[in-house]
Amino acid sequence: MAPFAAYDMPVQYPLGIMGEHKWTRESAGLFDVSHMGQVILEGVGAAAALETLLAADIIGLADYRTRYSQFLNADGGILDDLMTTRLPSRTPGVDRLFLVVNAACKHADVAHLRAKLPGVSITTLDDRALLAIQGPKAAEVVAGFIPGVSSLPFMGFLATTYQGADIFVSRSGYTGEDGFEISLPPVAGVQFAQALLADPRVKPIGLGARDSLRLEAGLCLYGHDIDETTSPVEGALTWSIGKRRRAEGGFPGFERIARELKEGPSRKRVGLLLDGRQPAREGSEIADESGAVIGKITSGGFAPSLERSIAMGYVAASHAAVGTKLNALVRGKPLACSVVAFPFFPHRYVR
Amino acid sequence: MSTVRYTKDHEYIRVDGDVAIVGITDYAQAQLGDVVFVELPAMGKSFKKGEQAAVVESVKAASEVYAPVSGEVVEVNSELEGAPALVNEDSAGKGWFVKLRVADQSELGALMDEAAYADYLKTLD
């Protein structure tokens, strides 16, 4: 067990990080991510109001669709990253949105929402469980308990019931695999977790494999790969900025982000594939072939599905092209690596 | 007849004459989890007791391995390069790290024997 965002979290279960990682890629892994923040926004114009805090298109989000984005500060730095789902209006004209935010940021995020969106009702779902089930067998396992999930598209959403309890099912995750994130009331959460674990296709997965899986999938960990100093453009998250938003602005840091979109950022988050097995971890400097330091690793480790070490980090834009040969400096020793495109391990989302 | 001694950092040293085999204990490998890489020292390198002699990298983290006694590296376990998991599978046998020529036998006296190490493990978590 290890402390994480004020929660005591399992780093690994008896299978171990390597075994849990491979199990998730081959079968189905269950992650208890109940520490994450779940928030409901409701109000006239709540979608437009939320757009003043982030750069995604929320107004254009259809009912039961989920979108990834980031809360931005006035300099275009990232305060947190989040998932936003539009729920159908209960009263015509009143937007209803469901947000999932990072555990470590959730109190600050809610304070930020309350301060910036005074006309919107903000409800935190503090006691609800959030269970992620990920892997190629996740859909067939979950379909045995919750009818209708198999037909959900990637980033699709279902509001339904489990044992009489109201639940949300999102076809999304943090591993690069097909899978679901399921929000349930506490008692139903425990029952559902136990029911899933009774299935031989499912094993519990700890924080260690959660990290190695998301790293292989090229996904950012807030506070490491993105933070208040990095913009979405530097963070290679430009795809999450809405087309209309790029033209219209109206979000914090628009000036910087528009400039970076036009002229290119001075540094960029890239993937690094190391030539060998030796890990280059967070904090290691990145040098060019002449030995000049041009960046720093923000996440890195051994990739169980690739049998190689991989890393991500920020490098000067001049060294960010795919194929660029670089060195990660580990305990003074240069480890050869090259810039590769994300993801390291192919995503296997349903389309 | 070889003698095995242990450190508080969970290295073992198996001494046979003036050469000793150094590795990490079963307890240490279980704590580290899956070992994916071992950085071994160069042949001929000399260490003082307590100096960093190797680094063992698991999926979780990098951990330093210290020389239990002063000595010179006379052999490294090159099999670990292709098969680092030997540290998990057989830490006391095929998963050894280095062979040292012991510089000062008297340093062994400060280390724990099997029974003392077993007692020490009982005091941990």
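The values are calculated or read from the model by the stated rules, or taken from the named source; none is laboratory data. These figures come from a predicted structure and were not determined experimentally. All Cβ positions, even for glycine, are placed from backbone atoms using ideal geometry, and neighbour counts span all protein chains on display.
Some notes on this structure:
- Test: residue in the stretch A:251-265 that is of a type in the set (Asp, Glu), within 27 Å of B:SER63 (Cβ to Cβ) and within 25 Å of the chain's Cα centre (by Cα): no
- Within the stretch A:4-26, the set of residues being part of a loop (DSSP other than H, G, I, E, B), under 21 Å from the mean Cα position of the chain (by Cα) and either within 14 Å of chain B (Cβ to nearest Cβ) or surrounded by 17 or more Cβ atoms within 10 Å (Cβ to Cβ) (or both) comprises A:PRO10, A:VAL11, A:GLN12.
- Residues in the stretch B:44-85 that are within 28 Å of A:MET18 (Cα to Cα), among the aliphatic types (A, V, I, L, M) and in contact (Cβ under 8 Å) with a residue 12 or more places away in the chain: B:ALA53, B:ALA54, B:VAL55, B:VAL56, B:VAL59, B:ALA61, B:VAL65, B:VAL76, B:LEU80, B:ALA85.
- Against the criterion of being over 17 Å from the mean Cα position of the chain (by Cα), part of a strand (DSSP E or B) and not hydrophobic (A, V, I, L, M, F, W, C), A:LYS296 qualifies.
- Qualifying residue in the stretch A:130-146 (condition: surrounded by fewer than 20 Cβ atoms within 10 Å (Cβ to Cβ), assigned by TED's automatic domain parsing to the domain that holds A:GLU26, at positive phi and without any contact (Cβ under 8 Å) to a residue 40 or more places away in the chain): no
- Some residue of the stretch A:224-244 being outside any loop (DSSP other than H, G, I, E, B), buried (at least 21 other Cβ atoms within 10 Å of the Cβ) and under 16 Å from the mean Cα position of the chain (by Cα): yes
- One residue from B:SER91, B:SER58 being away from every other protein chain (no Cβ under 14 Å), under 25 Å from A:ALA303 (Cβ atoms) and in contact with a strand residue (DSSP E or B) (Cβ under 7 Å, 6 or more places away or on another chain): B:SER91
- Any chance A:GLN70 is closer than 25 Å to A:VAL187 by Cα and out of contact with any His (no Cβ under 6 Å at 6 or more places or on another chain): no
- Criterion violated by A:LEU306 - all others in (1) more than 11 Å from chain B (Cβ to nearest Cβ); (2) assigned to a strand (DSSP E or B); (3) touching a residue at least 60 places away in the same chain (Cβ under 8 Å) satisfied: (2)
- Number of the condition not met by A:GLY76 [criteria: (1) of a type in the set (Gly, Ala, Ser); (2) surrounded by fewer than 19 Cβ atoms within 10 Å (Cβ to Cβ); (3) touching a residue at least 40 places away in the same chain (Cβ under 8 Å)]: (2)
- The residue of the stretch B:20-43 that is nearest to the chain's Cα centre (by Cα), among those that are among the small types (Gly, Ala, Ser) and either over 23 Å from B:VAL102 (Cβ atoms) or more than 14 Å from chain A (Cβ to nearest Cβ) (or both), is B:GLY23.
- Number of positions in the stretch B:104-123 that are more than 26 Å from B:GLY71 (Cα to Cα) and in contact (Cβ under 8 Å) with a residue 40 or more places away in the chain: 1
- The strands (runs of 3 or more DSSP E) found wholly in the stretch A:58-128 and carrying at least 3 residues that are modelled with pLDDT of 95 or more and closer than 26 Å to A:GLU248 by Cα occupy A:66-72, A:78-87, A:94-101.
- Residues of the stretch A:309-321 satisfying the condition of being in contact (Cβ under 8 Å) with a residue 40 or more places away in the chain, within 26 Å of A:THR175 (Cα to Cα) and away from chain B (no Cβ under 14 Å): A:MET312, A:GLY313, A:TYR314, A:VAL315, A:ALA320
- Test: A:ARG277 is without any contact (Cβ under 8 Å) to a residue 40 or more places away in the chain and either surrounded by 22 or more Cβ atoms within 10 Å (Cβ to Cβ) or within 14 Å of another protein chain (Cβ to nearest Cβ) (or both): yes
- Taken together, A:ARG269, A:ARG259 contain a single residue that is assigned to a strand (DSSP E or B) and free of Cβ contacts under 8 Å to residues at least 60 places away in the same chain, which is A:ARG269.
- Hits in the stretch B:61-78 - residues which are more than 9 Å from chain A (Cβ to nearest Cβ) and out of contact with any Phe, Trp or Tyr (no Cβ under 9 Å at 6 or more places or on another chain): B:SER63, B:GLU64, B:VAL74, B:GLU75, B:SER78
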